[in-house]
Amino acid sequence: MTPLLPLLAGAILCFFGAWSVRLVVLLSGFGAGWVLAEAFGASSGTALVVGASAAVVLGVVALLMTRFLFFIAGGCVGAVIGARLFVVLDGDAAAGHGSWLVGIVFVAAVALLCGFLASHLRRRFLLWGTALAGSALVLGGLGRLWSDTDGLWRPHSVAGSTVFAVAWVALTVVGHQVQTRRTQED
């Protein structure tokens, strides 16, 4: 996978995270509707209408299921955070030889915790959670772009982990501030 994809996804999540839940639901609905319409031989115009209709229907369903949606969104954000923490905290994972079982249990625990927090704190959690997860993806993507920045992907020393942690916190704070300003403007 190209490092630009997590970098782009992370930037969107970090700086537009509060909106990304809605955006993901709407774009997914549109895409599913479009693909199904095309699969059944519909014209481009019909596929566009079916896609837009599917986006609206899924948007309404998402609004009706907000609490569950917040739990799912929090769980997804938590999975990113947990995976990144696992790589940074487990020396073997940083070297590419981490324990699958420990990784799965750790990531699942963080995902469930974040899902719980998101369902109770809602927007406050998503502002911080998406900034944290997005910044982790941005730093991971940057770390994979060049060999000189590999320490952002898998820190190999205490100093590297410290640099990563400081960068992660700084980018998270910037992402949160951008999202907070955007939320206040809307």
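Read-outs: derived from the displayed coordinates by stated rules, not from any lab. It should be emphasised that the depicted structure is a prediction, and the values quoted were computed from it without experimental measurement. Heads up, the Cβs are rebuilt from the backbone with ideal geometry, glycines too, and the neighbour counts pull from every protein chain shown.
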Here the gain from full extension of Ala52 to Val174, 0.36 nm per residue of separation minus their alpha-carbon distance, amounts to 40.5 nm
Testing the spin-label approximation: label points 7 Å from Cα along Cα→Cβ at Ser44 and Val158. State their distance in nm.
6.2 nm
Place the peptides 119-128, 44-53 in order of packing, highest mean first, counting for every residue the other Cβ atoms within 10 Å and averaging per peptide.
119-128, 44-53
Enumerate the calculated ³J(HN,Hα) couplings along the stretch 113-127 in order (Karplus 6.51 cos²θ - 1.76 cosθ + 1.60, θ = phi - 60°), each rounded to whole Hz, writing x wherever the residue is Gly or Pro.
4, 5, x, 4, 4, 5, 5, 9, 9, 6, 4, 4, 5, 5, 4
For Ala42, other-chain or 5+-apart residues with amide H closer than 5 Å (H placed, Pro excluded) are none
